[in-house]
1. Taking the Cβ of B:D294 as the centre, find all other residues whose Cβ is under 10 Å away and add up their charges (Lys, Arg: +1; Asp, Glu: -1).
2. Okay, helix-only estimate at 222 nm for the protein assembly as shown: each DSSP H run of n ≥ 4 adds -39500 (n - 2.57), divide by all residues, round to 500 deg cm²/dmol; what do you get?
3. Roughly how much accessible area, to the nearest 100 Å², goes out of reach of solvent when B and A pair up, both sides summed, probe 1.4 Å?
4. On average, how many beta carbons from a partner chain sit within 10 Å of the beta carbon of a residue in B:357-366?
5. For a protection proxy built on the mean count of beta-carbon atoms within 10 angstrom, sort B:107-119, B:201-213 highest first, please.
6. Report, as an integer, the average count of C-beta atoms from other chains found within 10 Å of each Cβ along A:295-303.
7. Determine, for each peptide in A:266-276, A:93-103, the mean count of other beta carbons within 10 angstrom over its residues, then list the peptides with the highest first.
8. Tell me the angle of helix A:359-374 to the major Cα principal axis of chain A, expressed in degrees between 0 and 90 and rounded to the nearest ten.
Number of protein chains: 2
Amino acid sequence: MESSPLAPAPAPAAVPVPAPALDLTADAAALTAQLVDIPSVSGTEQPLADAVAGALRGLGHLRVDRLGNCVVARTRLGRAERVVLAGHLDTVPIAGNVPSRLDEQGMLWGCGTSDMKSGVAVQLRIAATVPEPNRDITFVFYDNEEVEAEKNGLRRLAAERSEWLAGDFAVVLEPSSGEVEGGCQGTLRMLLHLPGTRAHSARSWMGENAIHAAAPVLARLAAYRPRRPVIDGLEYREGLNAVRIEGGVAGNVIPDACVVTVNYRYAPDLDEERAARHVREVFADCGVAGFTVDDSSPGALPGLGHPAARAFMAAVGGRARPKFGWTDVARFSALGIPAVNYGPGDPDLAHKRDERVAAATVRHCEERLRAWLTAP
Amino acid sequence: MESSPLAPAPAPAAVPVPAPALDLTADAAALTAQLVDIPSVSGTEQPLADAVAGALRGLGHLRVDRLGNCVVARTRLGRAERVVLAGHLDTVPIAGNVPSRLDEQGMLWGCGTSDMKSGVAVQLRIAATVPEPNRDITFVFYDNEEVEAEKNGLRRLAAERSEWLAGDFAVVLEPSSGEVEGGCQGTLRMLLHLPGTRAHSARSWMGENAIHAAAPVLARLAAYRPRRPVIDGLEYREGLNAVRIEGGVAGNVIPDACVVTVNYRYAPDLDEERAARHVREVFADCGVAGFTVDDSSPGALPGLGHPAARAFMAAVGGRARPKFGWTDVARFSALGIPAVNYGPGDPDLAHKRDERVAAATVRHCEERLRAWLTAP
């Protein structure tokens, strides 16, 4: 799931040690435990990537490609459709929660159990047990999802090996509590610059206070009513928030600059340009001297109308929910591939010391995907 | 004058080199040049303090005491009144403007010409030329005025040798363009804490935005109308300003804290407690979760009603002006000694690369003070 700014920095890369071979005949929950026991904090994925690539090559029916610590395995059956099952290999830093531990209630504890080695285990189990799926399948395993976007393995694959990612529909096995989350919202971060004139605060009438000039911006934010548009049957929920404010020169100086950073999370019926235009319009009469785009990532439409998506929904059951946070689903969307999140983990447990996943949920997820990919 | 936060950091203390002896028979402008040519950036005042102490001891009619780089010299004539003439020895860092240079228009250029070696020269000239003044005189020379208050030499004297500072009226020879500036405004810096609840910005409705919560505070500041009270015939001019605002956790987090730092510059009819109460009252209904006093220095009443002050005003002529900025005048006020600023420098030239003073103004200031202290 989206990297958290609250997580501690990843540990420095260690010298890779060969990992034990993975046993893909174990069920998805037992395989999750094997995966958790091969640590793979962002930047140190090599032993796990080696183990995954080795296990997939051993299956014989897949073409396996490698780019750094990304592993892509594909069936080549000439089916009418191709679907992508994607997951990241890395975790946030270990917090005393490795190796994994299965308790008597069937709960598997450990770093990455939820986010998202249980999803990776499901991918590997499908690879191992469905040699002749009804749709061609591309399995994508990538590194560095939990850190800054520049390092993201899926981003690198999209930039350098986009042909490996080709497909009609993608499922990203991020934790979603076994429910389908469709599309995702876009995110735009913009800096609003408020002007002023510096002066000594003992003679404040000689200056113009840039912090005071931010008053209309904050009032506008406080009064803002976000949209809740319905798209493909999913109700999205936008938000426009200040995430940072900075102003001030010294304790006795009227400040000549104040910057408010706003984050607009927008439904996927807007593109990046329209989202930026909306933010400028909201603050049009607030005395903002300049707008700077700090960060922008488009959303992704749910794409639930595609035949492969409809068959997927029928197989997994339930109703799709909208995805509010930005995820790698949007990278597939940018490649023209509709994508959803569907994974066994609980997103609320991701990145937590007491991260865990129910073995039964992992198995259920595996079964639902197998049903989708083997139905006549 | 009050230290400027915009000045570069003082140079590291150098090993002191003995300074040349000062010639107190030179007129005040020529003596200013001698003083400028002995560098004394804050923290490196020892050579100048040595030269000043040596010259004063050589006069014979003064008791000279020393505390670090502070020098205090006193007549002990048993007069009915005692007045204090005070000035600091240090300057802001040199900016290619030492040694001094006298141009053909009688303008003396160099670091400290205005702030405030011309004032120190006037002090030394009075010490040298008025051995039997009509009032006892205490000459105070101190270090570290241009840096943080903790280092201020006058503060140290007040704390450790307050008996040396005893007097009925004080003149601080800070630059005031040869006009009397009475009293000074107080300054209070207070932190206003705005509360919130942290959440991921993709699900902003789960949190409460502390930056948005600052909107009423900034609106109140923008609408604030400061007082302009008249005290002892002087019109003061207050100000209430945000000097810093800080809020934000990360680019994708709804912030749970925002702090607005306000600086209240208040007329000397308020004491510190009433000033703090006023700030709390201004923001009483703005959702502030807590107030923290960050810095507080009381103002100083002009004290122009005292006989020594009236005689001083008559001797120097003109009308007193209020002092808006906080100066060491307030330290005398805190000791129960009414004090004014009166010095030859131009405050607008202080701390500037092209700092300068008119030789004629320095001599005029010297003459006015001599007239006051020698009148029958």
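1. Working: positive: B:R189, B:R244; negative: B:D295.
Summing Lys and Arg as +1 and Asp and Glu as -1 gives +1.
2. Details: 18 runs with 190 residues, N = 752.
Calculated at 222 nm, the ellipticity per residue is -7500 deg cm²/dmol.
3. Details: alone 16330 and 16360 Å², together 29050 Å².
Using a 1.4 Å probe on protein heavy atoms, the buried area is about 3600 Å².
4. Working: counts 0, 0, 0, 0, 0, 0, 0, 0, 0, 0.
The shielding value for this peptide is 0.
5. Working: B:107-119: 28.6, B:201-213: 21.5.
Peptide ranking by packing, descending: B:107-119, B:201-213.
6. 0
7. Values: A:266-276: 18.6, A:93-103: 15.1.
Those peptides, ordered most packed to least, come out A:266-276, A:93-103.
8. 70
The values are calculated or read from the model by the stated rules, or taken from the named source; none is laboratory data. A quick note: this is a predicted structure, and the numbers were derived from the prediction, not measured. Virtual Cβ from ideal backbone geometry, glycine too; neighbours counted across all protein chains shown. Heads up: the accessible areas ignore ligands, DNA and RNA and are worked out on the full protein's heavy atoms, side chains in. Shrake-Rupley method; radii C 1.70, N 1.55, O 1.52, S 1.80 Å.
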